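Working notes, structure below.
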Amino acid sequence: MKKTDLRTFISTWAFPALLGGATVFGFAPFYLFPIPILALALFYRGLNGRSPRDGFLRGFAFGLGWFLASVSWVYISMHDVGEMSLPLAGLATFLFASVLAVFPALACGLAVRRPMAGGVHALFWFPALWALAEWLRGWVFTGLPWQALGYSQVPYGPLSGYAPILGIYGVSWLAAMTAVGIARWRVWPMALVVAIWAAGLGLQKVEWTRPVGKPLSVSLLQGNIPQDLKFRPEALAATLSLYAKLVADSESRLTVLPETALPLFRAELAPDYLQHLKDHAVAQGGDLLFGVPDQDADGRYYNSVVSTGVSPTQTYRKVHLVPFGEFVPFGFRWLVDAMKVPLSDFSRGKPDQPPLNVAGQRVAMNVCYEDVFGEELIDALPQATLMANVSNDAWFGDSFAPWQHLQIAQMRALETGRWWLKDNNTGITAVLNEKGVVVARLAPFTTGILNSEAWGMTGATPYVRWGNRAFLVLAAVSLLAAFGLGRRAR
């Protein structure tokens, strides 16, 4: 390889990919929130003066490094759990990261269509494109906004103060603006960055919502059932016995079991088993929520959460399904068959389901990765006083995924101004307050009960009222300002 070719490979592919991979340390479980911003600042400096093609390629390399490092757990779910062959699982993981990398690539390809160096408009142009690309990734092909830049700022970074106002994409926008300001390293861009961060620190102290009533005692059960045993008929009796014992040992007014904790259809559960759950909840003066597949009269089945106890029985049916895991996109049946995924054709629940009235609270349920879609969850607010997510991250083994999922819940708590109950089969099971701070947590891959308290909250954050509209308006204004300033500069 010629020296010029080697330099081109390093500058176009290797260095951007290395910077993208380094961003993983800014997210959970590391929480080193400045690292993604600094990595993006260094990457941005290399975009100056590039052609749109070079900008796209460098953005793709940066994104590829970002997602190969941060969502490498896809390989675990396909190979270790789904029993897909190593070459096919490796290829699928690479292609998955490549698809996600297209979105930052598009942002970078568009960004270099305007002068990058020396113009004040750079602070408004690139950050808006970056954040809009993340927003686009949140709904194309049903969306996967996992590891958006803004998550790295929760809950410790000053920019997290903007989450109750602008949501995840607004925080991403301000984080990208910070990166550009650092990359330009001039007086007024740095002054703007300092002002943004100082205002974020101030916003962290604002109480957008307020407690209502008395704290609620909660018990979150973590069964720690390995995924390779979860749906095996020979393991069913042991699973049901384990959860019956955990329920009997819980002492709270609200008890929660994780996603599909009872791995058979609700109608197939023995009446005396269901009566045991109800009797215990009634004895505690409250209710119990359990995850279970549920089937309707027409044969459609749903990933559901069912309540039992002193309140009337209520059901939440999952709305936003996981592609390949819960429904099969057209033409991909072969992939699901190769992964040996059980129950891979769930039906979608109605999107306007009300909160569950249980244990004196109005609990807005969401299942698995539904908590990644912040704007969908605010439909239950401000009526809901408490938010609860039940999951089964056993699919991803001992990887970054459960910790990243916890950080996503921390962002949702900030956006909604609500306490969050996060109950996971193998972890991370935790109780979060309305500031996204972990109040109590169980160690992952342990069997146990997390006993804690949670406050019901009333009121609404600006994000609950506006959703992503405020961010989209500001991003549009930012692009228009950049366009106008760029024309004046030319």
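The values are calculated or read from the model by the stated rules, or taken from the named source; none is laboratory data. Keep in mind that what you see is a predicted model, and the values were worked out from it rather than measured. No Cβ is skipped: glycine too gets one built from the backbone with ideal geometry, and neighbour counts run over all protein chains shown.
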### Message
Looking for something surrounded by fewer than 21 Cβ atoms within 10 Å (Cβ to Cβ), out of contact with any strand residue (DSSP E or B) (no Cβ under 6 Å at 6 or more places or on another chain), in contact (Cβ under 8 Å) with a residue 24 or more places away in the chain and of a type in the set (A, V, I, L, M) - is there at least one such residue anywhere in segment 208-227?
### Response
no
## Note on the structure
Only one of 390, 367 is within 30 Å of residue 84 (Cβ to Cβ), crowded, with 24+ Cβ neighbours inside 10 Å and touching a Leu at 6+ places or on another chain (Cβ under 9 Å), namely 390
### Query
Hey, among 123, 91, 144, 95, which residue is under 26 Å from residue 25 (Cα atoms) and in a loop (DSSP other than H, G, I, E, B)?
144
### Query
From the list 46, 21, 26, which one is under 29 Å from residue 402 (Cβ atoms) and free of Cβ contacts under 8 Å to residues at least 60 places away in the same chain?
21
### Task
Name, by its number, the condition in (1) modelled with pLDDT of 95 or more; (2) surrounded by 13 or more Cβ atoms within 10 Å (Cβ to Cβ); (3) farther than 16 Å from residue 349 by Cα that does not hold for residue 264.
(1)
### Task
For residues that are over 15 Å from residue 318 (Cα atoms) and under 32 Å from the mean Cα position of the chain (by Cα), tally how many sit in segment 279-300.
5
### Message
With the structure loaded, tell me whether residue 237 is more than 30 Å from residue 379 (Cβ to Cβ), among the hydrophobic types (A, V, I, L, M, F, W, C) and over 29 Å from the mean Cα position of the chain (by Cα) or whether it fails that test.
### Response
yes
### Message
Take residue 254 and tell me if it is closer than 30 Å to residue 461 by Cα and in contact with a Gly (Cβ under 6 Å, 6 or more places away or on another chain).
### Response
yes
#### Entry: Residue list for segment 438-465, filter: free of Cβ contacts under 8 Å to residues at least 40 places away in the same chain and surrounded by 17 or more Cβ atoms within 10 Å (Cβ to Cβ)
438, 441
### Message
Considering only residues that are in contact (Cβ under 8 Å) with a residue 60 or more places away in the chain, part of a helix (DSSP H, G or I) and over 16 Å from residue 43 (Cα atoms), which ones fall in segment 98-115?
### Response
none
### Task
Under 6 Å between Cβ atoms, at least 6 apart or on separate chains: pull out the pairs that start in segment 371-386 with a residue that is farther than 19 Å from residue 165 by Cβ and in the same structural domain as residue 150 (by TED's automatic domain parsing) and end on any residue that is among the hydrophobic types (A, V, I, L, M, F, W, C) and in a loop (DSSP other than H, G, I, E, B).
none
### Task
Return yes when residue 132 is surrounded by fewer than 24 Cβ atoms within 10 Å (Cβ to Cβ), over 22 Å from residue 473 (Cβ atoms) and not aromatic (Phe, Trp, Tyr) and no when it is not.
no
### Query
Which residues, taken from segment 29-56, are under 26 Å from the mean Cα position of the chain (by Cα), of a type in the set (Gly, Ala, Ser) and surrounded by 21 or more Cβ atoms within 10 Å (Cβ to Cβ)?
39
### Summary
Checking 123, 166, 159, 149 in turn, the sole residue that is buried (at least 21 other Cβ atoms within 10 Å of the Cβ), at pLDDT 95 or above and more than 17 Å from residue 470 (Cα to Cα) turns out to be 149
